[in-house]
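Asker: For reference, the structure I am asking about is given below.
The values are calculated or read from the model by the stated rules, or taken from the named source; none is laboratory data. All values derive from a computational prediction rather than experimental measurement. Here the Cβ positions follow ideal geometry from the backbone for every residue, glycine too, while neighbour counts run over all protein chains shown. The protein model used for the area step is the full one, side chains on, heavy atoms only, and it has no ligands, DNA or RNA in it. Shrake-Rupley method; radii C 1.70, N 1.55, O 1.52, S 1.80 Å.
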Amino acid sequence: MEPDRTMRGRLRDIVAGLSLASMNIPQVLGYTRIAQMPAVTGLYTVLLPLVAFAGFGASRHLVVAADSATAAIFSSALGRMAVPGSVHYMALVSMVALLSAGFLLVARLFRLGFLADFLSRTVLVGFMAGVGVQVALAMTRDMLGIDVTAHNTMLQLFQTVQRLPRLNGPTLLLSASIVAAIMAGERLAPRLPLPLLTVVGSIMASMMFDLSGHGIAIIGPIESGLPRLRLPDVSWNEMLALLPVTTSCVFVIIAQSAATSRAFAQRFHDPVNDNADILGLAAANAAAGLSGTFSVNGSPTQTAMAVQAGARTQLAQLTFAGITMLVLLFLTGPLQYLPRCVLASIVFTVALGMIDRRAMLAIYRESPGECGLALATAAAVISIGVEQGIFLAIALSLFRHVRHSYEPHTMLLCYDTHSGLLEPQPVSTGVQTAPGVLLYRFCADLFYANSMRFVSDIRSLVAPARAQPDCIVVDASAITDIDFSAASDLRDLFASLRQQGVRIIFGRVTPYLRADMDRHRITPVIGAENIYAQLHTAMAAARREHAPARLMAHRQEAASGSPPPAPPEHCACT
């Protein structure tokens with residue numbers, strides 16, 4: 001039974017690879033227009049780089065190939081150093097890919113894959129939605145037969161609307177038919193390789209009915225043959241000049257690839273190994289640079305296409321590479337007749353599928369604030385670009401986390417009269433855990449931004465009130481770190497409390513926190529005898545030394561004839 005299931009899985013991946021090739025081979029040819037490289041170099045990006053990543057990467061789903069984000073970055077920079085499309089320009093582009101491979105290898109050696117940990121599920125949902133909208137809008141120009149020159153999504157939309165009167169009727173009709181057929185087919189026959197059938201059928205129709213003669217744009221002639229491996233001819237000074245643009249490309253490659261691989265790994269509950277993926281990306285870019293093409297990246301759109309086609313392992317990507325080799329050797333002739341609007345329509349339907357409306361709604365129901373973060377990520381990707389959107393999303397996520405740490409939960413713990421268990425209560429004066437004893441919990445690490453919250457809470461608890469405590473026990477279970485600024489504030493606070501006769505005891509102190517307290521000279525201020533690894537021993541020490549003292553004070557006041565003070569509000573102690 002198991003061998004049959006494995007065989008079916010392999011067959012499914014091979015069929016998915018065929019379908020993936022039918023959709024993505026024309027797409028990577030389109031990316032060469034952004035990169036300002038010969039069309040055949042687009043095919044080179046899905047030959048050796050795919051094999052290299054499959055051999056060294058860890059992701060089962062990530063498709064590493066030509067990408068619009070990195071293509072736009074290096075083409076705008078290198079266009080000022082050489083004539084686009086020239087031999088010198090192609091050498092510079094290939095050197096950027098080789099330098100990117102070197103930088104990625106360094107990133108792997110330093111294990112920088114942890115940077116992907118800052119991409120939350122919320123950010124990933126917003127990122128994929130933003131990329132989906134961005135790609136869908138970019139495809140409308142070919143679906144309408146309109147020439148759009150802008151790279152920015154919002155400018156593309158503006159130019160498309162501005163040039164709507166010039167749309168091509170036959171192109172629009174064919175595009176609408178393709179989109180309707182694919183969307184209907186996904187509902188009625190989801191197992192059919194509809195994109196593959198669409199591409200083959202449209203090529204045959206284009207050859208038979210001369211669609212280009214009716215104003216429908218086709219891909220056009222493509223050079224055939226396999227790439228030759230060689231080092232790009234670039235001088236040392238030019239290599240130094242390429243370092244800034246290479247750095248930008250590497251940041252985008254790491255961020256976008258990590259976001260994409262994690263999004264699909266979470267969908268299928270697969271393990272994630274970001275450092276292995278970085279090594280795979282380094283190998284893929286080295287293969288790209290040596291084979292005369294441009295930088296490759298983990299593509300969200302192409303990965304979504306692979307998953308939609310049924311791919312579950314890198315066997316689909318290897319099949320894709322094999323089909324690319326056959327196309328380069330034998331099939332560049334028929335491929336030139338593929339209408340651009342057919343490719344755009346297929347990609348358009350895939351882009352719409354990247355917008356996970358159910359996940360967005362689930363986030364909104366559980367956490368409206370995080371839904372706002374997802375929408376902000378999507379908006380940033382659409383308006384300012386993929387790379388800027390990812391970094392902005394990471395910044396917003398960190399800001400949200402810091403905001404929670406800046407305003408942490410604080411509470412008093414009192415014994416419940418019915419259960420005898422410690423229950424949380426808001427921080428307020430006049431409430432005691434036991435006679436003369438308060439148990440206070442601060443639910444975050446102490447650092448420069450929130451230390452005054454700790455100080456103000458403690459000062460409010462010992463301010464003149466109906467019952468000033470003799471001892472405050474700090475439940476430090478959530479405190480694992482104290483920075484320099486917070487330590488200075490705490491030393492001043494504890495010294496002041498000692499002068500007032502209020503004892504401070506720490507309970508549930510971890511070895512990490514104790515090391516910080518020793519290093520920042522907090523231990524000598526409160527006394528090493530007042531630091532406990534368990535909470536119950538800290539509370540026992542507080543009750544043992546301070547409850548009798550409070551009781552003796554009450555008796556002395558009663559003997560002197562003065563009216564006894566109002567009893568403090570506290571829960572019964574067990």
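Asker: Mind checking Rg over Rh on the stretch 200-346, alpha carbons, Kirkwood formula for Rh? Let's see the in-between values first.
Answerer: Numbers: Rg = 18.7 Å, Rh = 18.2 Å.
The Rg/Rh ratio comes out at 1.03.
Asker: Does anyone have the angle between helix 315-326 and the longest principal axis of the chain? Alpha-carbon axes, 0 to 90°, nearest 10?
Answerer: For helix 315-326, the angle is close to 30 degrees.
Asker: When DSSP assigns beta bridges and you keep just the ones with both residues in the chain, what percent turn out antiparallel, to the nearest 5? Walk me through the numbers on the way to the answer.
Answerer: Values: 11 of 25 bridges.
Antiparallel: roughly 45 percent of the beta bridges in the chain.
Asker: Using 0.36 nm times the number of residues separating residue 484 and residue 367, minus their current alpha carbon distance, what extension gain do you get?
Answerer: That pair, residue 484 and residue 367, stretches by 38.7 nm at full extension.
Asker: For the stretch 111-205, place one equal point scatterer on every Cα, skip the solvent, and apply the Debye formula. What is log10 of I(q)/I(0) at q = 0.11, 0.22 Å⁻¹?
Answerer: With no solvent term, the Cα-only Debye profile gives -0.51, -1.11.
Asker: Out of the trypsin sites (Lys or Arg not before Pro) in the stretch 67-124, which ones are loop residues according to DSSP with at most 13 other C-beta atoms within 10 Å? Could you put the intermediate results ahead of the total?
Answerer: Values: sites: 80, 108, 111, 121; in loops: 80, 111.
In loop regions of the stretch 67-124 (DSSP not H, G, I, E or B), the sparsely surrounded trypsin sites (Lys or Arg not before Pro) are 80, 111.
Asker: Sticking with this structure for a sec: With a 1.4 Å probe and every protein chain kept in, tell me what percent of the accessible surface of the stretch 13-76 is carbon plus sulfur. Could you put the intermediate results ahead of the total?
Answerer: Details: 960 of 1460 Å².
Of all accessible area on the stretch 13-76, carbon and sulfur atoms account for 66 percent.
Asker: Nearest 10 degrees, 0 to 90: what angle lies between the long axis of helix 274-290 and the longest principal axis of the chain (Cα atoms)?
Answerer: Helix 274-290 and the main axis of the chain meet at about 30 degrees.
Asker: So with the 1.4 Å probe, I'd like the accessible area per residue for the stretch 153-207, rounded to whole Å².
Answerer: Details: 3480 Å² over 55 residues.
Roughly 63 Å² per residue, with all protein chains present.
Asker: In Å, what Kirkwood hydrodynamic radius results for the stretch 15-161 from the alpha-carbon pair distances?
Answerer: The Cα-based Kirkwood calculation yields 17.4 Å.
Asker: Roughly how compact is the stretch 366-501, stated as its Cα Rg over 2.2 N^0.38 Å to two decimals? Intermediate results must be reported in sequence, preceding the final value.
Answerer: Working: Rg = 19.8 Å, N = 136, 2.2 N^0.38 = 14.2 Å.
Rg over 2.2 N^0.38 Å, computed on Cα atoms: 1.39.
Asker: So what is the relative contact order for the chain, in percent, with contacts set as C-alpha pairs under 8 Å and at least six apart?
Answerer: On the way: 1015 pairs, mean separation 123.3, N = 574.
About 21 percent, as a whole number.
Asker: If I model the stretch 238-312 as equal point scatterers sitting on the Cα atoms and use the Debye formula, what is log10 I(q)/I(0) at q = 0.28 Å⁻¹?
Answerer: Listed by q, the Debye log ratios stand at -1.38.
Asker: Sticking with this one: Keeping all protein chains in place, calculate the accessible area per residue for the stretch 344-384 (probe 1.4 angstrom), answer in Å².
Answerer: Per-residue accessible area for the stretch 344-384 comes out at 49 Å².
Asker: Using the scaling law 2.2 N^0.38 Å as the reference, what is the normalised Cα Rg of the stretch 366-416?
Answerer: Working it through for the stretch 366-416, the quotient is 1.62.
Asker: Against the longest principal axis of the chain, how steep is helix 121-144, in degrees 0 to 90 to the nearest 10, with axes from Cα atoms?
Answerer: 20
Asker: How far apart, in nm, are two points set 7 Å out from the Cα along the Cα-to-Cβ line at residue 384 and at residue 457?
Answerer: It is 3.5 nm.
Asker: First check a/c for the stretch 288-386, with a ≥ b ≥ c the square roots of the eigenvalues of its C-alpha gyration tensor; if it is under 1.5, answer rounded, and if not, answer prolate when a/b is larger than b/c or oblate otherwise.
Answerer: prolate
Asker: Using the Kirkwood formula over every pair of different C-alpha atoms, what hydrodynamic radius in Å results for the chain?
Answerer: By the Kirkwood definition, the hydrodynamic radius is 27.7 Å.
Asker: Hey, another quick one. Once you have the Cα-Cα distance between residue 158 and residue 214, take 0.36 nm times their residue separation minus that, and quote the gain in nm to one decimal.
Answerer: Residue separation times 0.36 nm, minus the Cα-Cα distance, leaves 17.5 nm.
Asker: Share of Cα-Cα pairs in the stretch 10-54 beyond 15 Å, in percent?
Answerer: In whole percent, the share of Cα-Cα pairs in the stretch 10-54 beyond 15 Å is 50.
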